[in-house]
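Below: one structure, written as structure tokens.
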There are 4 protein chains.
Amino acid sequence: VAGACAGLAQEHRSTPMAARTLLQQALPTTFGLKAAGWLVAVLDARARLSTVRRDGLAAQLGGAAGTLASLGDEGLATARYFAEEVGLPEPVLPWHTSRGRVAELGAALAVLAGVSGKIALDVCLLAQTEVGEVREAEGRGGSSTLPHKRNPVGAVLARSCAELARMHASVLGDALSSEHERAAGGWQAEWDALSGALAYAGAAAASVAEALEGLEVDAERMRRNLDATGGLVVSEALAVVLAERLGRVEAHDLVREAAARAATSGRPFRDEVLEDRRAALSPEEVDAALDPAAYLGSAEALVGRALERWTAERGGA
Amino acid sequence: VAGACAGLAQEHRSTPMAARTLLQQALPTTFGLKAAGWLVAVLDARARLSTVRRDGLAAQLGGAAGTLASLGDEGLATARYFAEEVGLPEPVLPWHTSRGRVAELGAALAVLAGVSGKIALDVCLLAQTEVGEVREAEGRGGSSTLPHKRNPVGAVLARSCAELARMHASVLGDALSSEHERAAGGWQAEWDALSGALAYAGAAAASVAEALEGLEVDAERMRRNLDATGGLVVSEALAVVLAERLGRVEAHDLVREAAARAATSGRPFRDEVLEDRRAALSPEEVDAALDPAAYLGSAEALVGRALERWTAERGGA
Amino acid sequence: VAGACAGLAQEHRSTPMAARTLLQQALPTTFGLKAAGWLVAVLDARARLSTVRRDGLAAQLGGAAGTLASLGDEGLATARYFAEEVGLPEPVLPWHTSRGRVAELGAALAVLAGVSGKIALDVCLLAQTEVGEVREAEGRGGSSTLPHKRNPVGAVLARSCAELARMHASVLGDALSSEHERAAGGWQAEWDALSGALAYAGAAAASVAEALEGLEVDAERMRRNLDATGGLVVSEALAVVLAERLGRVEAHDLVREAAARAATSGRPFRDEVLEDRRAALSPEEVDAALDPAAYLGSAEALVGRALERWTAERGGA
Amino acid sequence: VAGACAGLAQEHRSTPMAARTLLQQALPTTFGLKAAGWLVAVLDARARLSTVRRDGLAAQLGGAAGTLASLGDEGLATARYFAEEVGLPEPVLPWHTSRGRVAELGAALAVLAGVSGKIALDVCLLAQTEVGEVREAEGRGGSSTLPHKRNPVGAVLARSCAELARMHASVLGDALSSEHERAAGGWQAEWDALSGALAYAGAAAASVAEALEGLEVDAERMRRNLDATGGLVVSEALAVVLAERLGRVEAHDLVREAAARAATSGRPFRDEVLEDRRAALSPEEVDAALDPAAYLGSAEALVGRALERWTAERGGA
């Protein structure tokens, strides 16, 4: 997944698209930055899982009750030898009913699943017919009865697996509360829950990877969507420019009023701004201020930082 | 909580009690080892929480969409300065909708709550009228209408808070799946969920601490409960001794049959064993094999290891 | 909520819009049918809640342990009198640790919250900038820094409350598993959970009601979105017409191939169909087959059935 | 399960045992009343499940988007015919994304699982070595290495299945929040979740039934446990008698003080009461007041009411 995200971040480092908050266009961003956000989330989830694999697991040998009594004087030595044999750290104590390790593994899988689910959700939203900014690879997601559909099948599968992974992981959290030296039910529930959490989290990640690897990105459509508000999506940029002349409050009022007039009149926001005498901007100045590609802030630099982290870590895990 | 567990582990390092699996007496252990198990679980949960506090949080400044665009060329520098000001690490990227940090904090709180709940559950079970091995401090848990009751009120409160903490934390996991650059609902749900998770996890830990700090431990009752099966709880020890003479299979058969006869006849298990000619053990040998205090395996050494970890870490956190 | 849904179903009974499956346009439907679907879901949830209120609650008087012992011979009579006083059904037994009633109430609130969340999700999706088919009432959802936004604030609030309601309700389900005659923790957790489930489910419903009551529906935009695929969204309708002449398999092939050609060439699907000699349809016939408003099936009749139910039940609850 | 509960309620209608609140002995009850409590909870859960089976399911035929468009004028008639064929009620509307039905089924299964879990928990607690009031049938729950154990295996299995059933059912609740006319992930997650909820809820009930059907009840041990507090468990009864002479407040003080003295001195509570001159009760009067079997309140009558309901409903479901 990380590799696919990094590839998209790299390739679309400078591809402008709308950033959306509460599912409304808010400001311009780049598809590269969106993919970089996915990338960093995946790297975080992978790092957490690696930490659990490295530090969070431990050999478990304790006899029926954790005292190693049936091994007589050889208890501790045997436990050490056993840990070496299975290649896992030797714990301070046998951990029959200290299920924190299993719960931590569950939590790490749940976060991995959640991150996969977030990427998949974004893909589904971007692939909507009315948005059309991405679609999964040719040959995927066809519908026998509705030939025009290109269903985001990898993303949909990832979302359903992510939900099931998180459900299974929740049982591993419940199992912390186990009676005395062996739980009467909670421990037994772990078996199905652990294998389910592993399988579904893996499936969620695999499905997202498939969805991203062949993802077709429509940069033109991104740009067209970004232009659909007639500049309103960059009104913040205009307000910044105006504030230098008019002060923050008046600049904001001017923008708000022009936006309201545009909504009522159906005329371009740009024209409503030009008409306001307080603005005193030339058409060229307004157009420059309302160019989404010119209001991307630190997006490109941020993508660079994410890719640097990826380069540094890619050998690892 | 850790301090109280360590105190109990130290003081009861050699206090024999029954280890219970599936809520049945299984083998002897010590109360010190039980408390050491709690201690290590608490230290693990604390370490996890400390890691989240140290590495898992990060400053968040990104503007409306994560590009820092309204700050012009000063975006990255401002973000760095902001992180310094608030005393939190600077993240690779603004993390509007990378909610892994919040989910990880929730997971760490859920584990802490779960560990608190496990200790509280053990306390409730040990405090049962028919078990009577511990009770919360004098003056706590009185009932106005039932004057004989000594309710384990701290443990009960801890269990209810642990449940509520885990519930709130689960919302933080759900919130991972957030739309684009700002979730339409999931993010807003985090607010109540995060404060609830913090408050209830803290309350669970505080209640367990109170319950443990004044805990009255009845070592005599522990011993009496351990003797209640007439030696059956140490039948594994006897099987180990017999196996040296008879081989593993026959030793096990002998023990199982004597246990069955004892259950039917009502006579002591010890006497049924002595009567079996295959055993060929003297009464003194049988009594020695059936002494619970002599079948504690590595319990004491294990308590020592847990206390060493506590000593090493207590300054920290 | 039901009233607002009914109003929308009535008013937009014949307003064509795209039905979307897996977030892809699939076929035409009407906004009236969508609102009717919400309406029926709300009526179901309301009916369930009414049933719980009518049959699922019961007076609870049992003394400390459910025997009514402290009332001597007057136990049953007192319990009956008490139930009359509080105006609740008298249960077969006191129900200290039969928490099914509370869990059922929680489940009904969770379903209500879930239905509210579903409606709110649809509103958020329809209100997306690129979809623009609905928006919440004038004056709601303005953003101070992004003046062009019309955030679906009621729907967003409803989604977050729905999540929190479901979380609280889940604790009421956990509490079923209570020890003996009074749970040691689970019962105490019910207090916060029950009031939270009630408050948040109510808030979810109230927020959806607010969002729907002032909802601005853009029927023109619905139609424009429906036309955006150049007839592809009604390709099923065309296949039905063609199947009468060519048989099901060949009709389907023709449609699929024309759709593929349209996607490659950028020419209208309609023209690609006309060009295929197997079709042998006149332009008028193709246009008729590809009119979304002519392929609404039983949508209108179904809206009528939902409204009939609403009329029949509106006095009730 | 209901049949086994009814059998136990009938047989042990007058078998005194300790009622336990917060896992402390509180007052006498009867095992019959405990079993009657289980019975009523099971009947409630069964009734709920029957209601869902009868009213909560419905045929589903709607075409890709719920309009029945591909069926032309025959849509409604076909849907009616289809419902008849599959033997399910015809719904007001096709219910692609009105998942209330599935969520309700999940909720009913979760309650069934929760009730099974509650009974199983009580069995586990009663089967504890130190309580010893019940055990599962001969031949069940033996341990190869610990021959004395009689693990409550049916109850343990029931608890783990109940947990897994509730987990799966929670996904069905989440799936309520589905996008437009077909969810992009939530619906697909229902498949595993629904079959899991059905299978595990069934397994939980089946395991409890097995545990209860062969349950060995030790009435003598129940009585011995009830006597273990030397009358303290019936101190409420004594306070009732004393209140007639001394007033409520002084009676309560007397009892509380005698209980405290008994705890300190180790002498029987009975003797401490006799010594208090305010009491002015004869030894016979005190013994009568402290007879647990005489302080069962309406337990027997309540068992009768539960069995009446069972008799009335047993043909049904």
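The values are calculated or read from the model by the stated rules, or taken from the named source; none is laboratory data. A quick note: this is a predicted structure, and the numbers were derived from the prediction, not measured. Note that we place each Cβ from the backbone using ideal geometry, even for glycine, and neighbour counts take in every protein chain shown. Accessible surface areas use protein heavy atoms only, side chains included; no ligands, DNA or RNA. Shrake-Rupley method; radii C 1.70, N 1.55, O 1.52, S 1.80 Å.
Side notes on the structure shown:
- A search for C-beta distances below 6 Å between a residue of region A:208-234 that is closer than 30 Å to A:Glu272 by Cα and any residue that is assigned to a helix (DSSP H, G or I), counting only pairs 6+ apart in sequence or on different chains, returns A:Leu226/A:Pro292; A:Gly230/A:Phe269; A:Gly231/A:Phe269; A:Gly231/A:Arg270; A:Leu232/A:Ala259; A:Leu232/A:Phe269; A:Val234/A:Pro292.
- In summary, helices (runs of 4 or more DSSP H) completely within region D:1-103 and bearing 1 or more residues that are in contact with a Cys (Cβ under 9 Å, 6 or more places away or on another chain) and either surrounded by fewer than 21 Cβ atoms within 10 Å (Cβ to Cβ) or of a type in the set (A, V, I, L, M) (or both) occur at D:31-51.
- Qualifying residue in region B:101-115 (condition: more than 30 Å from D:Gly132 (Cβ to Cβ), among the aliphatic types (A, V, I, L, M), more than 10 Å from chain A (Cβ to nearest Cβ) and in contact with a Gly (Cβ under 8 Å, 6 or more places away or on another chain)): yes
- Test: residue in region B:224-233 that is farther than 25 Å from D:Gly132 by Cβ and buried (at least 24 other Cβ atoms within 10 Å of the Cβ): no
- D:Glu216 vs. criteria open to solvent by less than 20 Å² (accessible area, probe 1.4 Å) and acidic (Asp, Glu): no
- Any hit, region B:121-130, residues being more than 10 Å from chain C (Cβ to nearest Cβ), out of contact with any Cys (no Cβ under 8 Å at 6 or more places or on another chain) and in a helix (DSSP H, G or I): yes
- Residue check, D:Gly247 at pLDDT 90 or above, out of contact with any Cys (no Cβ under 7 Å at 6 or more places or on another chain) and at positive phi: yes
- Region D:255-283, subset of a type in the set (A, V, I, L, M, F, W, C) and farther than 18 Å from B:Gly139 by Cα, residue surrounded by the fewest Cβ atoms within 10 Å (Cβ to Cβ): D:Ala280
- Exclusive hit being at pLDDT 95 or above, of a type in the set (Asp, Glu) and crowded, with 24+ Cβ neighbours inside 10 Å, set C:Glu210, C:Glu163: C:Glu163
- Of all residues in region D:128-149, exactly one satisfies the criterion of being of a type in the set (A, V, I, L, M) and open to solvent by 10 Å² or more (accessible area, probe 1.4 Å), namely D:Ala137.
- Put simply, of C:Ala312, C:Ala293, C:Ala299 the only residue that is surrounded by fewer than 16 Cβ atoms within 10 Å (Cβ to Cβ), closer than 19 Å to C:Ala36 by Cα and touching a Ser or Thr at 6+ places or on another chain (Cβ under 9 Å) is C:Ala293.
- The set of residues in region C:27-39 that are touching a Ser or Thr at 6+ places or on another chain (Cβ under 8 Å), of a type in the set (A, V, I, L, M, F, W, C) and at the interface with chain D (Cβ under 7 Å from one of its Cβ atoms) comprises C:Leu27, C:Leu33.
- Region C:175-195 - residue that is facing chain B (nearest Cβ under 9 Å) and small (Gly, Ala, Ser) and, of those, surrounded by the most Cβ atoms within 10 Å (Cβ to Cβ): C:Ala184
- Those residues of region D:153-174 which are touching a helix residue (DSSP H, G or I) at 6+ places or on another chain (Cβ under 7 Å), aliphatic (A, V, I, L, M) and more than 8 Å from chain A (Cβ to nearest Cβ), in sequence order: D:Ala165, D:Ala169, D:Leu172
Here's the yes/no breakdown for (1) over 30 Å from D:Gln24 (Cα atoms); (2) touching a Cys at 6+ places or on another chain (Cβ under 6 Å); (3) outside any helix (DSSP H, G or I):
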site	(1), (2), (3)
D:Val115	no, no, no
D:Ala137	no, no, yes
D:His148	no, no, yes
D:Ala155	no, yes, no
D:Trp187	yes, no, no
D:Trp191	yes, no, no
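- The residues in region B:68-111 that are out of contact with any Leu (no Cβ under 6 Å at 6 or more places or on another chain) and either without any contact (Cβ under 8 Å) to a residue 40 or more places away in the chain or aliphatic (A, V, I, L, M) (or both) can be counted, and the count is 28.
- Taken over region A:245-254, the criterion of being open to solvent by 60 Å² or more (accessible area, probe 1.4 Å) and either within 14 Å of chain B (Cβ to nearest Cβ) or among the acidic types (Asp, Glu) (or both) is satisfied by A:Arg248, A:Glu250.
- The listed residue being more than 9 Å from chain A (Cβ to nearest Cβ), touching a residue at least 12 places away in the same chain (Cβ under 8 Å), under 29 Å from B:Gly106 (Cα atoms) and charged (D, E, K, R), out of B:Arg13, B:Arg46: B:Arg46
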